[in-house]
Amino acid sequence: MKVYKNKEVWFVTGSQHLYGEETLKQVAADSATIADALDKSDIIPLKVVFKPVLTTADAIYKLCTEANVDTGCVGIITWMHTFSPAKMWIRGLMSLEKPFLHFHTQFNSEIPWDTIDMDFMNLNQSAHGGREFGYICSRLRKDRKVVVGHWRDSEAISKIAIWTRAAVAFDESRNLRVARFGDNMRDVAVTEGDKVSAQIKMHYSVQGFGVGDLVREVNEAGEEAIRNLIKTYGEKYSISATDLASDSIRDAARIEAGMRAFLEKGGFKAFTTNFEDLHGLKQLPGLAVQRLMEDGYGFGAEGDWKTSALLRIMKVMAKGLPGGTSFMEDYTYHLEPQGEKVLGAHMLEVCPTVAEGTPSIEIHPLSIGSKADPARLVFKSGTGRGINVSVMDMGNRFRMVVNAVEVVDCPEMKKLPVARVLWKPLPELKTAAHAWILAGGAHHTGFSMAIDREYLADYAAMAGIEMLVIDEETSIPDFSEKIRWNELYYHLANGII
């Protein structure tokens with residue numbers, strides 16, 4: 001997954017000609033120094049490009065329109081070194097279609113008490129130059145991320161790094177194509193939704209295909225591709241020699257080869273399947289789905305295209321970070337009063353990036369789907385902090401719900417041959433489940449131990465969708481009140497369409 005290759009953010013500094021050319025030269029030098037430091041940061045995953053200092057409305061507008069059409073630029077970072085009169089930013093900001101971050105910093109970290117003079121004050125005016133810029137952004141109702149702190153401060157750099165990952169994910173969603181093999185699971189509500197509205201709001205497109213289109217690719221899979229996959233299974237995972245030589249593994253490899261070919265030919269980075277629609281396939285695609293997710297593809301079971309797209313977006317943000325990211329489902333509860341927990345799993349489709357140790361490939365019967373015994377990767381997850389994320393179509397808007405969780409060690413379950421994760425929802429199960437249900441959160445989620453809610457908050461702001469957070473500070477009265485206020489806000493904000 002080379003999503004960060006050739007992607008960049010532009011570092012843009014605002015000033016004016018009031019202070020003279022020498023001051024502007026220093027502004028440019030300081031700006032280039034900050035941009036270079038950000039570019040060399042180990043945690044910012046893409047190139048930070050210094051742009052010439054902006055001092056006129058025409059220059060600002062020109063840069064914003066150039067950013068809009070530059071396919072490598074995923075967003076801009078703005079900084080007001082001096083005072084930059086904000087009326088000259090209006091046309092540019094109104095035309096800007098890329099995300100932007102307001103970095104409220106200054107070049108010096110300390111006030112030089114013994115030497116400070118008016119020349120120093122004229123040069124280092126970020127304290128009130130940033131407020132002028134902030135006003136016009138708020139006046140224009142422009143969503144942006146604000147980061148406050150010195151440019152060498154690790155916390156500030158970390159927040160910028162998170163935003164850059166969200167910006168790349170938003171850029172990915174602009175070009176994302178989701179393939180649906182079959183339709184939704186029959187009579188299920190939350191996996192449905194308005195695909196046109198989703199494309200307007202979040203930009204990705206969803207295209208449906210009969211499962212026969214996939215079967216054709218599966219049947220045409222070459223022997224060499226199948227042999228190479230079986231060899232990979234034996235080398236990468238734990239599997240018995242008997243199972244490795246079985247027809248079930250061969251069928252699973254054929255399905256994977258065909259599915260990969262279909263997705264690559266169509267330029268799809270996310271997909272769905274449905275156990276009710278498998279005509280022509282010998283088994284439910286379990287192993288294939290898990291391995292495709294491991295390679296960065298988004299996935300949603302039972303035709304859940306919203307979760308499929310969400311998972312791809314989360315995987316883009318998580319690229320290269322420790323921890324894994326997977327399709328997930330709250331499956332069953334442990335309601336023991338001293339340790340309430342949720343067992344997360346799915347029939348077959350949990351991504352091995354969240355695995356602790358080496359997963360095993362196993363072949364077992366599946367009680368639904370009426371097909372041959374499918375192969376799947378079996379494992380338990382590692383432990384630590386994580387998030388569960390869901391996106392739903394609420395009719396007049398898309399809502400994202402994020403629940404912070406504490407992933408704990410999962411006991412052995414010898415009779416349950418699936419990949420699984422065990423977690424404690426925050427603040428605790430009763431409040432978390434209550435809030436999730438009040439919000440209409442889906443049973444399918446994107447689960448991650450690599451990213452936290454700040455990544456999703458940045459993405460939700462870029463996409464202009466609602467976000468509700470369930471965490472240590474959640475109380476049901478406050479959460480319910482927020483839902484009611486949000487209902488009114490989005491009713492008024494959306495207007496009459």
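The values are calculated or read from the model by the stated rules, or taken from the named source; none is laboratory data. Please read these numbers as outputs of a predicted model, since none were measured by experiment. Note: ideal-geometry Cβ built from the backbone for every residue, glycine included; neighbour counts use all protein chains shown.
Against the definition (among the hydroxyl-bearing types (S, T, Y), without any contact (Cβ under 8 Å) to a residue 12 or more places away in the chain and either part of a loop (DSSP other than H, G, I, E, B) or outside the structural domain of T105 (by TED's automatic domain parsing) (or both)), how does T191 come out, yes or no? Show your work before the answer.
Numbers: among the hydroxyl-bearing types (S, T, Y): yes; without any contact (Cβ under 8 Å) to a residue 12 or more places away in the chain: no; either part of a loop (DSSP other than H, G, I, E, B) or outside the structural domain of T105 (by TED's automatic domain parsing) (or both): yes.
Taking the combined requirement at face value, the residue does not satisfy it.
Every residue, every condition in (1) assigned by TED's automatic domain parsing to the domain that holds E473; (2) buried (at least 22 other Cβ atoms within 10 Å of the Cβ); (3) among the charged types (D, E, K, R); (4) closer than 20 Å to A318 by Cβ, yes or no:
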position	(1), (2), (3), (4)
F379	yes, yes, no, yes
G382	yes, no, no, yes
R385	yes, no, yes, yes
V389	yes, yes, no, yes
M394	yes, no, no, no
V405	yes, yes, no, yes
K414	yes, no, yes, no
P425	yes, yes, no, no
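Taking N274 as meeting all but one of (1) crowded, with 21+ Cβ neighbours inside 10 Å; (2) at pLDDT 95 or above, write down the number of the exception.
Condition not satisfied by N274: (2).
Tally up the residues in region 136-180 that are polar (S, T, N, Q) and within 21 Å of the chain's Cα centre (by Cα), please. Break it down stepwise before answering.
We begin by selecting, within region 136-180, every residue polar (S, T, N, Q); these are 138, 154, 158, 164, 173, 175.
If we keep only those that are within 21 Å of the chain's Cα centre (by Cα) too, we end up with 158, 164, 173, 175.
Adding up the residues that qualify gives 4.
Looking at (1) loosely packed, with under 13 Cβ neighbours inside 10 Å; (2) in contact (Cβ under 8 Å) with a residue 60 or more places away in the chain, which one does M118 not meet, given that it meets all the others?
(2)
Read through the list (1) crowded, with 20+ Cβ neighbours inside 10 Å; (2) farther than 20 Å from N108 by Cα; (3) not aromatic (F, W, Y), then give the number of the only condition that L38 fails.
(2)
For residues in region 435-471 being charged (D, E, K, R) and under 22 Å from Q199 (Cβ atoms), which is surrounded by the fewest Cβ atoms within 10 Å (Cβ to Cβ)?
Of everything passing the filter in region 435-471, E466 is surrounded by the fewest Cβ atoms within 10 Å (Cβ to Cβ).
Per-residue answers, yes or no, for (1) loosely packed, with under 12 Cβ neighbours inside 10 Å; (2) modelled with pLDDT of 95 or more; (3) among the aromatic types (F, W, Y):
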{"residue": "E66", "(1), (2), (3)": "no, yes, no"}
{"residue": "V74", "(1), (2), (3)": "no, yes, no"}
{"residue": "W89", "(1), (2), (3)": "no, yes, yes"}
{"residue": "L93", "(1), (2), (3)": "no, yes, no"}
{"residue": "H128", "(1), (2), (3)": "yes, no, no"}
{"residue": "E132", "(1), (2), (3)": "no, yes, no"}
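Against the condition buried (at least 22 other Cβ atoms within 10 Å of the Cβ), assigned by TED's automatic domain parsing to the domain that holds E428 and under 21 Å from A288 (Cβ atoms), how does S326 come out, does it pass?
On the way: buried (at least 22 other Cβ atoms within 10 Å of the Cβ): yes; assigned by TED's automatic domain parsing to the domain that holds E428: yes; under 21 Å from A288 (Cβ atoms): yes.
In short, yes.
Pick out, from region 113-179, the helices (runs of 4 or more DSSP H) lying fully within it that include 2 or more residues that are out of contact with any strand residue (DSSP E or B) (no Cβ under 6 Å at 6 or more places or on another chain) and under 30 Å from F262 (Cβ atoms). Before you say what the answer is, go through the steps one by one.
On the way: elements: 118-123, 126-139, 154-175.
Correct list: 154-175.
Among the residues that make up region 30-45, is at least one of them of a type in the set (V, I, T), more than 17 Å from R152 (Cα to Cα) and out of contact with any Phe, Trp or Tyr (no Cβ under 7 Å at 6 or more places or on another chain)?
So far as region 30-45 goes, no, none of its residues is of a type in the set (V, I, T), more than 17 Å from R152 (Cα to Cα) and out of contact with any Phe, Trp or Tyr (no Cβ under 7 Å at 6 or more places or on another chain).
Every residue in region 439-497 that is of a type in the set (S, T, N, Q) and over 25 Å from G303 (Cα atoms), please.
T474, S475, S480, N486, N494
Just name the residue that is surrounded by the fewest Cβ atoms within 10 Å (Cβ to Cβ) out of those in region 1-31 that are within 18 Å of A59 (Cβ to Cβ) and among the β-branched types (V, I, T).
Out of the qualifying residues, it is T23.
What number goes with the only condition from (1) over 27 Å from A450 (Cβ atoms); (2) touching a Pro at 6+ places or on another chain (Cβ under 8 Å) that D213 does not pass?
Of the numbered conditions (1) over 27 Å from A450 (Cβ atoms); (2) touching a Pro at 6+ places or on another chain (Cβ under 8 Å), the odd one out for D213 is (2).
From the list M185, M259, pick out the single residue that is of a type outside the set (S, T, Y), at pLDDT below 95, assigned by TED's automatic domain parsing to the domain that holds L456 and surrounded by 16 or more Cβ atoms within 10 Å (Cβ to Cβ).
On the way: M259 fails: at pLDDT below 95.
It is M185.
For region 1-51, name all the residues that are polar (S, T, N, Q) and either assigned to a strand (DSSP E or B) or farther than 18 Å from L321 by Cβ (or both).
Answer for region 1-51, where residues must be polar (S, T, N, Q) and either assigned to a strand (DSSP E or B) or farther than 18 Å from L321 by Cβ (or both): N6, T13, S15, Q16, T23, Q26, S31, T33.
Residues K415, K380: which one is modelled with pLDDT under 95 and within 30 Å of E276 (Cα to Cα)? Working first, answer last.
On the way: K380 fails: modelled with pLDDT under 95.
Within the list K415, K380, the selection yields K415.
Tell me which residues, restricted to region 67-107, are under 28 Å from P45 (Cβ atoms) and assigned to a loop (DSSP other than H, G, I, E, B).
D70, T71, G72, H81, L96, E97, K98, P99, T105, Q106, F107
Restricted to region 144-180, and to residues that are under 30 Å from G212 (Cα atoms) and not polar (S, T, N, Q), which residue is surrounded by the fewest Cβ atoms within 10 Å (Cβ to Cβ)?
Looking only at region 144-180, we keep the residues that are under 30 Å from G212 (Cα atoms), and these are 172-180.
Imposing the further condition that a residue be not polar (S, T, N, Q) reduces the set to 172, 174, 176-180.
On the way: E172: 24, R174: 13, L176: 24, R177: 17, V178: 24, A179: 24, R180: 25.
Result: R174.
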